[in-house]
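The values are calculated or read from the model by the stated rules, or taken from the named source; none is laboratory data. Source: prediction; values computed, not measured. No Cβ is skipped: glycine too gets one built from the backbone with ideal geometry, and neighbour counts run over all protein chains shown. All accessible areas refer to the heavy atoms of the entire protein, side chains included, with ligands and DNA or RNA removed. Shrake-Rupley method; radii C 1.70, N 1.55, O 1.52, S 1.80 Å.
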Amino acid sequence: MNDALRELYQEVILDHGKKPRNFRPLEQATHCAEGHNPLCGDCVTVQVIVEDGVVREATFQGSGCAISTASASLMTEAIQGKSVEEAMALFDEFRAAVVENRESDDLGKLEVLLGVKEFPVRVKCATLAWHTLQAAIQGEGVASTE
Ligand code: ZN
């Protein structure tokens with residue numbers, strides 16, 4: 001990754017970390033779960049409205065480091081309008097890219113988070129919202145990165 005790109009990615013993360021998108025309660029949520037990352041102290045609640053197998057709306061709340069907040073913010077943007085299968089496939093893709101360092105060109109904006117793979121502790125911050133989304137969709141209610 002060249003420096004200019006790294007800087008741009010850093011800016012997007014900071015922007016989403018400071019001004020998270022879709023950061024609010026979702027009254028009519030059909031699925032909801034809480035996630036915890038004890039290693040860093042990140043807590044996130046993900047709420048979604050799923051209709052006919054499609055994520056109509058996704059929001060989150062909670063407190064955490066800039067990476068976990070930015071990741072949750074980017075996730076809610078990325079999954080809106082996608083089918084549940086597509087959203088979960090995107091999680092697999094994202095997880096494979098940050099955890100297993102696998103090549104991917106389908107991540108879109110989520111690519112800005114790929115820098116975390118150099119920092120194993122940060123990987124859990126970046127994947128927390130996704131684990132929480134998965135728990136919500138599967139009706140588990142609670143997710144932990146441990
Ligand atoms: Zn964190």
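Structure values in brief
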item: For segment 3-144, with +1 on Lys and Arg beta carbons and -1 on Asp and Glu, the positive-most of 73, 22, 41 along the dipole; result: 41
item: Listed residues 105, 42, 92, most fluctuating in the chain (Gaussian network, C-alpha, under 10 Å); result: 105
item: Length added when fully stretched, residue 23-residue 109, from 0.36 nm per residue minus Cα-Cα; result: 29.2 nm
item: Residue-averaged 222 nm ellipticity for the chain, from DSSP H runs of 4+ at -39500 (n - 2.57), nearest 500; result: -14500 deg cm²/dmol
item: With all protein chains modelled, accessible area of residue 36 [1.4 Å, Å²]; result: 70
item: Separation in nanometres of the label points that stand 7 Å from Cα toward Cβ, at residue 54 and residue 10; result: 4.0
item: The chain, relative contact order [Cα under 8 Å, separation at least 6], %; result: 30
item: Charged-residue dipole, Cβ positions (Lys, Arg, Asp, Glu), the chain about Cα centre, Debye nearest 20; result: 440
item: Whole-number accessible area per residue in Å² for segment 3-144, which is evaluated in the context of all protein chains at 1.4 Å; result: 50
item: Segment 109-125 - phi-based ³J(HN,Hα) in whole Hz, Karplus 6.51/-1.76/1.60, Gly and Pro as x; result: 5, 4, 4, 4, 8, 5, x, 5, 5, 6, 10, x, 5, 6, 4, 5, 5
item: Percent of Cα-Cα distances greater than 19 Å, calculated over segment 47-101; result: 32
item: Principal axis dimensions, segment 3-144 - Cα atoms, whole angstrom, descending; result: 43, 29, 25
item: GNM result for the chain, Cα springs below 10 Å: residue of 125, 43, 65 fluctuating most strongly; result: 65
item: Top positive-direction residue, dipole computed over segment 3-144 with Cβ charges, set 13, 90, 53; result: 13
item: Tilt relative to the chain, helix 3-18 - C-alpha long axis, 0 to 90 degrees, to 10; result: 30
item: Acute angle (nearest 10 degrees) that the helix 66-79 long axis makes with the longest principal axis of the chain, alpha-carbon atoms; result: 60
